[in-house]
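**Q** This structure is in structure tokens; I'll ask about it shortly.
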Amino acid sequence: MNVAVVILNWNGKTLLEKFIPSVVAHSQDASIYVVDNASEDESVAFVSKTYPQIQIVQNSSNGGFAKGYNDGLQHIEADIYCLLNSDVEVTSNWLDPILKVFNEHSDAAIIQPKILDLKKRTYFEYAGAAGGFIDRLGYPFCRGRIFQALEKDIGQYNDVKEVFWATGACMFIKSSVFRELGGFDEDYFAHQEEIDLCWRAKNRGYKVFYVGLSHVYHLGGSTLKNMNPKKTFLNFRNSLYSITKNLPRKMALPIIFFRLLLDGVAAVRFVFQLKPGHCIAILRAHLSFYANFRKVYRKREKANFILKYYSATSIVWSHFVHQVKNFNILVKD
């Protein structure tokens, strides 16, 4: 299997200067690409001059994460795409454990490594941690990260495990599957489009894995901080999109109803936390969801919806009421 490590860039010269050296040093058996989203800084010139072995694909506009990769990957041929954020430091031998799982599991379509925090290197990082899951209402969480609670890495997730979703910060995907699925949903722009992609893959019978023997360090928040109102808007809206698209209608509609109620509770909570920008972001997310509901609903695929898709009934109840902060003590269904 040949691998293409593909880094999406937008005005990220500082990040590329810091993180590309590790990718070049530890990816000798892979081709490396930078897909540029119409940057206005000197990042493309920097890569071309400093790393002539890296191939550059230039997009005509900044279509965000989803469209950026969709456009760029049309020009890249490989068996496996590694979609790598520009703020990720990779480590020695990071590719071999991933490729081993692809070779041993023919139905493995998407894989992520262990994601650790670059700033607190013994802790899991928000974006993906040790593999992603969702609860019955579609709220995402991870082994190693439940909402803002991050676990210390003490080897508790040094395994290979089938998960529900893999992080877009470092996602390996078979190119054939990416094309079959039509790539990312560009209406998401950014955030949670990887969950939607994995959900669609699982609905078609593919599997998503986490491989703990491969690890990388993620800076995180280089595009939008975890608690940025813009990210709040995208996360709340895009999660509703995914439920609408990927569950049977008899399940999706009541879940959307309950999600809207709980989102309202979250909005009120932000008011009491003196974060009115996030409250407004949730309102905007709902309005955008209503405005685009017909368009999103038409994207529902005639696939075999997976009936048991969740790992917990309510991660909100477990975390905020019962104060569960560790995945291994979560009561799972």
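**Q** Within region 1-25, track down each residue that is more than 13 Å from Gln55 (Cα to Cα) and surrounded by fewer than 18 Cβ atoms within 10 Å (Cβ to Cβ).
**A** Result: Met1, Asn2, Asn11, Lys13, Thr14, Glu17, Lys18, Pro21, Ser22, Ala25.
**Q** So, Val216, is that one closer than 20 Å to Ser92 by Cα, surrounded by 21 or more Cβ atoms within 10 Å (Cβ to Cβ) and β-branched (Val, Ile, Thr) or not?
**A** yes
**Q** Which ones in region 249-297 are in contact with an Asp or Glu (Cβ under 8 Å, 6 or more places away or on another chain) and surrounded by fewer than 14 Cβ atoms within 10 Å (Cβ to Cβ)?
**A** Correct list: Lys295 only.
**Q** Any chance you could count how many residues in region 29-81 are aromatic (Phe, Trp, Tyr) and closer than 25 Å to Asp196 by Cα?
**A** So the count comes out to 4.
**Q** Right, next: Output the residues belonging to region 110-143 that are small (Gly, Ala, Ser) and either over 15 Å from the mean Cα position of the chain (by Cα) or more than 25 Å from Ile80 (Cβ to Cβ) (or both).
**A** Gly138
**Q** Inside region 36-132, counting only helices (runs of 4 or more DSSP H) that do not spill past its ends, which hold 3 or more residues that are in contact (Cβ under 8 Å) with a residue 12 or more places away in the chain, in the same structural domain as Ala25 (by TED's automatic domain parsing) and out of contact with any Leu (no Cβ under 7 Å at 6 or more places or on another chain)?
**A** Of the helices (runs of 4 or more DSSP H) lying wholly inside region 36-132, those with at least 3 residues that are in contact (Cβ under 8 Å) with a residue 12 or more places away in the chain, in the same structural domain as Ala25 (by TED's automatic domain parsing) and out of contact with any Leu (no Cβ under 7 Å at 6 or more places or on another chain) span 64-73.
The values are calculated or read from the model by the stated rules, or taken from the named source; none is laboratory data. This structure is a prediction, so every number in the text was calculated from the model and none was measured. When we count neighbours, we look across all protein chains shown, and the Cβ atoms used for this are built from the backbone with ideal geometry, even at glycine.
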